[in-house]
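To start, the structure itself, in structure tokens.
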Amino acid sequence: MGYGKNIRQILYGGDYNPEQWPEEVWAEDMRMMKEAHINIVTLNVFSWAALQPDENTYNFEKLDRIMEYVRENGLKVCLATSTGAHPAWMARKHPDILRTDMNGIKRKFGGRHNSCPNSPAYRKYAPRLAAELAKRYKDYDNIVAWHISNEFGGECYCENCERAFREWLKKEYGTIEAMNKSFNTDFWGHTFYDWDDVVLPDNRTEHFNAFGIDRTMFQGISLDYRRFNSDSILECYELEYDAIKNITPDIPITTNLMGFYKPLDYQKWAQQMDFISWDSYPAPDDEPAVVAMNHDLMRGIHDQDSFVLMEQTPSVTNWQPYNRLKRPGEMRLLSYQAAAHGADAIQFFQIRRTVGACEKYHGAVIDHAGRNDTRVFREVKELGTELEKLGDTFLEGRTPSEVAILYDWDNWWAVEYSAGPSVRMKYMDAVKDYYTAAFEQNVPVDIIGVEDDLSKYKVVIAPLLYMTKTGYDEKIRSYVRNGGTFITTYFSGIVNEHDLVTPGGYPGNLRDILGIWVEEQDALPENESNLFFYENAEYPAEMLCDIMHLEGAESVSCYEEDFYRGTPVITKNRFGEGTAWYIGTRSDRKFYHRLMADIFRDSDVHHVMQTPDGVEASERDNENGKFIFLLNHTNEEKDILMVDNYTEMITGRGIKTGESLRMNGKDVAILKVE
């Protein structure tokens with residue numbers, strides 16, 4: 001849905017901060033935005049200090065002038081609530097609003113995300129400001145969305161949070177005995193006698209550093225703190241959401257997410273958002289598959305199959321060790337890649353480059369020079385021209401995915417809190433292995449959560465499913481029994497949702513589905529590997545090698561070295577009408593590509609289009625038709641053979657079956673199937 005069903009074009013714009021500039025600059029901003037075909041601005045993101053100079057005073061005079069000015073100039077507005085950074089007076093008068101870090105050190109005023117999510121002062125003043133804004137601007141017909149706070153995140157370990165954590169645990173477990181059982185507190189004589197015995201798990205209590213990695217002595221309580229912290233911050237969002245919704249019920253509300261952001265369970269957050277928006281800032285060395293995977297996560301956490309690209313840089317970031325420029329054509333390519341994976345709006349941070357503080361060297365549509373003949377401005381203008389021409393061509397398009405990858409925040413937290421078996425084991429790495437294999441073959445992928453339906457997919461992949469929550473095995477069992485193809489990996493089926501090991505042998509409740517029993521796991525150092533053969537080719541077995549026994553499954557490949565030579569490393573089990581695969585080690589990119597190619601073929605999975613290496617093909621379908629995005633991520637010319645009749649939507653050119661489309665480096669084509 002994006003910004004709403006009444007929007008019939010791709011909205012194009014960004015974060016605009018006219019309050020940082022003299023008013024005589026505003027007219028030039030409007031002129032340049034019109035020239036660039038910008039039609040939406042996000043306003044008021046960090047203005048709390050200006051809007052509320054003390055406890056009882058609100059000053060909207062300057063924002064009034066800004067709102068009138070952008071309306072007069074025909075711009076739509078995504079209006080932010082400004083609550084991402086509290087005012088200095090609030091920290092002075094209400095020190096409960098200041099966060100405490102993991103070492104127990106209380107912060108002073110400064111920075112961002114500096115508000116304790118369980119602060120009574122924050123929970124009082126933030127929704128009150130949101131309500132005041134809604135009351136004042138409710139009749140502006142150019143407001144297309146509300147933007148709550150900005151990039152929620154971080155953690156707090158203060159006394160307010162500790163008290164709130166105890167209440168959260170009471171609701172979760174009911175009795176102190178049930179909580180003790182969940183945390184396995186008989187270990188090390190860690191039994192809690194009273195709720196007041198519970199303290200937050202931080203560097204003063206349960207946490208320790210092992211080889212540069214944050215670990216915890218009691219995974220259960222640390223895992224619950226993660227859940228509690230995500231819930232606490234979500235409650236702050238909901239307080240503002242409710243305050244606004246009571247006044248402007250028909251205007252959609254969002255907050256800008258950040259892709260695979262570990263502290264917050266976005267799958268849970270998405271249920272409280274009218275639409276998804278997120279900020280995409282890939283590192284210069286991120287592969288196209290990694291960027292696409294972030295987009296697909298954002299597309300998949302909400303049932304609308306689309307999102308708003310709230311922020312990206314038009315040129316350069318400022319926080320990375322080496323802030324490389326986006327090369328000519330790269331901003332356009334990344335913008336269309338976002339659209340290919342579900343974006344219904346393309347926006348930048350920022351419209352005009354600020355002159356001071358930590359983001360003064362972050363890219364902007366209008367540079368410090370203030371000119372319209374810079375390379376960046378020309379590229380922004382050219383993209384704006386194209387998007388205006390495209391109108392609603394692929395708006396609200398859906399991605400026809402037959403493959404899903406399961407991703408679960410609880411699993412992510414639990415995998416990387418456990419001491420053992422390997423510091424090299426990372427959940428994201430396991431997910432990227434399989435996503436990249438699908439991406440390279442132009443197979444669309446939905447990234448789903450444990451609550452999502454599996455029945456519509458031909459293939460479901462659950463990499464490193466360490467935490468198999470109560471009942472989820474039955475969901476998988478039903479899916480495979482009814483004809484689905486299920487794939488999971490090493491160190492799966494180990495624990496339940498409380499991070500307690502499922503007794504009876506690994507992979508726990510998945511054993512019958514997979515037809516195997518895992519006896520041991522061999523963690524290999526970085527410079528060591530085993531090996532195996534698959535389809536007559538040799539591949540490495542790295543990081544972790546599961547040593548397993550067959551319980552009905554077929555051995556597809558065996559280890560070639562060490563004392564477990566000849567034991568299975570890859571298995572395949574017929575279960576009901578379907579098939580369950582177990583990949584008992586981590587291997588290399590070539591292996592995953594080959595394996596998934598075979599499984600996609602056997603499962604009759606749809607490929608969008610055959611393309612040369614480095615050219616992505618993605619699909620979005622809507623009432624206007626079927627649209628294929630071709631994205632050349634290389635710097636070289638590429639020829640793509642057409643297998644149907646198409647109209648290229650940017651140029652209007654018709655292309656017939658059997659013809660080749662030549663694409664320059666970093667070029668984009670959008671094909672409508674005729």
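The values are calculated or read from the model by the stated rules, or taken from the named source; none is laboratory data. Note that this is a predicted model, so its numbers are computed, not measured. All Cβ positions, even for glycine, are placed from backbone atoms using ideal geometry, and neighbour counts span all protein chains on display.
In table form, for the structure just shown:
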{"read-out": "Residue within segment 319-341 that is at pLDDT 95 or above, under 19 Å from D15 (Cβ atoms) and under 14 Å from the mean Cα position of the chain (by Cα) present", "value": "yes"}
{"read-out": "When residues of segment 259-281 are limited to those that are under 14 Å from the mean Cα position of the chain (by Cα) and assigned to a helix (DSSP H, G or I), the one surrounded by the fewest Cβ atoms within 10 Å (Cβ to Cβ)", "value": "K268"}
{"read-out": "Filter pass, S529 being out of contact with any Gly (no Cβ under 6 Å at 6 or more places or on another chain), assigned by TED's automatic domain parsing to the domain that holds T489, over 20 Å from Y466 (Cβ atoms) and crowded, with 18+ Cβ neighbours inside 10 Å", "value": "yes"}
{"read-out": "Which listed residue is modelled with pLDDT under 95, of a type in the set (S, T, N, Q) and in the same structural domain as D64 (by TED's automatic domain parsing), from N142, N114", "value": "N114"}
{"read-out": "Residue list for segment 524-555, filter: within 35 Å of the chain's Cα centre (by Cα) and within 14 Å of Y490 (Cα to Cα)", "value": "L524, A541, E542, M543, L544, C545, D546, I547, M548"}
{"read-out": "Lone qualifier among I66, I38 - being on the phi < 0 side of the Ramachandran plot, surrounded by 15 or more Cβ atoms within 10 Å (Cβ to Cβ) and free of Cβ contacts under 8 Å to residues at least 60 places away in the same chain", "value": "I66"}
{"read-out": "Matching residues, segment 564-612, being in contact (Cβ under 8 Å) with a residue 40 or more places away in the chain, part of a loop (DSSP other than H, G, I, E, B) and farther than 15 Å from E542 by Cα", "value": "G576, E577, S603, D604, V605, H606, H607, V608, M609, Q610, T611"}
{"read-out": "Subset of segment 562-596 (residues that are surrounded by 14 or more Cβ atoms within 10 Å (Cβ to Cβ) and either modelled with pLDDT under 95 or acidic (D, E) (or both))", "value": "D562"}
{"read-out": "Criterion violated by N256 - all others in (1) in the same structural domain as G84 (by TED's automatic domain parsing); (2) surrounded by fewer than 21 Cβ atoms within 10 Å (Cβ to Cβ); (3) of a type in the set (S, T, N, Q) satisfied", "value": "(2)"}
{"read-out": "Within segment 408-491, helices (runs of 4 or more DSSP H) holding 3 or more residues that are farther than 20 Å from D265 by Cβ", "value": "427-440, 472-481"}
{"read-out": "Single condition T436 does not satisfy, out of (1) of a type in the set (S, T, Y); (2) in the same structural domain as H593 (by TED's automatic domain parsing); (3) in contact with a strand residue (DSSP E or B) (Cβ under 9 Å, 6 or more places away or on another chain)", "value": "(3)"}
{"read-out": "Sole exception among (1) in contact with a Lys or Arg (Cβ under 7 Å, 6 or more places away or on another chain); (2) of a type outside the set (G, A, S); (3) assigned to a helix (DSSP H, G or I) for T354, by number", "value": "(3)"}
